[in-house]
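J.: Can you read through this structure? Questions will come right after.
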Amino acid sequence: AGSTTSNGAASGKSVEGSNHAGDLPALDILRQGIDKCDREIIRLLNKRMKICQQIGQSKGRMLALEAKKKEIIGKTADKKDGPKQVYRPAREKLVFDKVSRINGGLPGPLTDIAVKAIYREVMSCSINLQQPTTIGYLGPTASSSHTAAVSRFGASMGYKPIESTFHS
């Protein structure tokens, strides 16, 4: 084992914590394995996002058909006939519950909290691909309401500060 210096740092050891030259090829192989996993994750995320785009296009066609049908039968549009929301909290909960079940059934170190955080961003990107979305928040950037909004809706959404509607 290597000795330690006066500041507690190990001497004669690499950043990875080994001074054995034979360990470096093993680290390279492990890192190549991570690189391969990263490529597969990105490939699968892109595949998922293409499907999300198709869902968004399908929703758009359905809305256009609904509007055309109302026009044909002479119904007038009311406020409820506006654009349908892409963000569906109930659907999001179903996805979170599903990936939590999948994670629970597989061996591995990922916690449900970690899986939910990862999927928070996957869902954020998915929603924004279907329909670019801007979330309003009170206060300046990095305020508690801005931080809460990003935590709730993910980093892929647009964010815009809004002024208070209250006047003193």
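The values are calculated or read from the model by the stated rules, or taken from the named source; none is laboratory data. Just so it is clear, the structure is predicted and the values come from calculations on it, not from any experiment. Neighbour counts run over all protein chains shown; Cβ positions are idealised from the backbone, glycine included. These area figures cover heavy atoms from the full protein model, side chains too; ligands, DNA and RNA do not enter into them. Shrake-Rupley method; radii C 1.70, N 1.55, O 1.52, S 1.80 Å.
J.: What's the Kirkwood radius of the range 23-153 in Å, using all Cα pairs? Intermediate results must be reported in sequence, preceding the final value.
T.: Details: mean 1/r = 0.0546 Å⁻¹.
In the range 23-153 this quantity evaluates to 18.3 Å.
J.: Then there is this: Evaluate the range 126-168: find the radius of gyration of its Cα atoms, find its Kirkwood radius, and give the ratio Rg to Rh.
T.: Numbers: Rg = 11.4 Å, Rh = 11.0 Å.
The Rg/Rh ratio comes out at 1.04.
J.: Ok, one more. How much length is gained if the chain between ALA26 and SER151 is pulled fully straight, taking 0.36 nm per residue apart and subtracting their Cα-Cα distance, in nm to one decimal?
T.: Numbers: separation 125, 0.36 × 125 = 45.00 nm, distance 3.78 nm.
Extra length from ALA26 to SER151 when fully extended: 41.2 nm.
J.: For ARG88 and SER164, what is the calculated FRET efficiency with R₀ set at 25 Å and r taken between the beta-carbons, to the nearest 0.05?
T.: Values: r = 28 Å, r/R0 = 1.14.
Efficiency computed from Cβ-Cβ geometry: 0.30.
J.: Using 7 Å Cα-to-Cβ label points, what is the LEU65/MET49 separation (nm, one decimal)?
T.: It works out to 2.8 nm between the two label points.
J.: Please list, in order along the range 126-139, the HN-Hα scalar couplings obtained from phi with the Karplus expression 6.51 cos²θ - 1.76 cosθ + 1.60 (θ = phi - 60°), rounded to whole Hz, x for Gly and Pro.
T.: Result, rounded to whole Hz: 4, 4, 5, 5, 5, 7, x, 10, 10, 9, x, 9, 7, x.
J.: Which percent of the accessible area of the range 97-144 is formed by carbon and sulfur heavy atoms (probe 1.4 angstrom)? Before the final figure, lay out the partial values.
T.: Working: 1980 of 3040 Å².
About 65 percent, which is the carbon plus sulfur part of the accessible surface.
J.: Of MET49, LEU24, LEU65, which is farthest on the positive side of the dipole of the range 24-76, counting Cα position, with +1 on Lys and Arg Cβ, -1 on Asp and Glu Cβ, and the Cα centre as origin?
T.: Projecting each Cα onto the dipole axis, the largest value belongs to LEU65.
J.: Sticking with this structure for a sec: Suppose all protein chains stay in the model; what accessible area per residue would a 1.4 Å probe give for the range 35-145, in Å²?
T.: Details: 8450 Å² over 111 residues.
That works out to 76 Å² per residue.
J.: LEU138 to VAL95: FRET efficiency via 1/(1 + (r/R0)^6), r the Cβ-Cβ distance, R0 30 Å, to the nearest 0.05?
T.: Values: r = 28 Å, r/R0 = 0.94.
With a Förster radius of 30 Å, E is 0.60.
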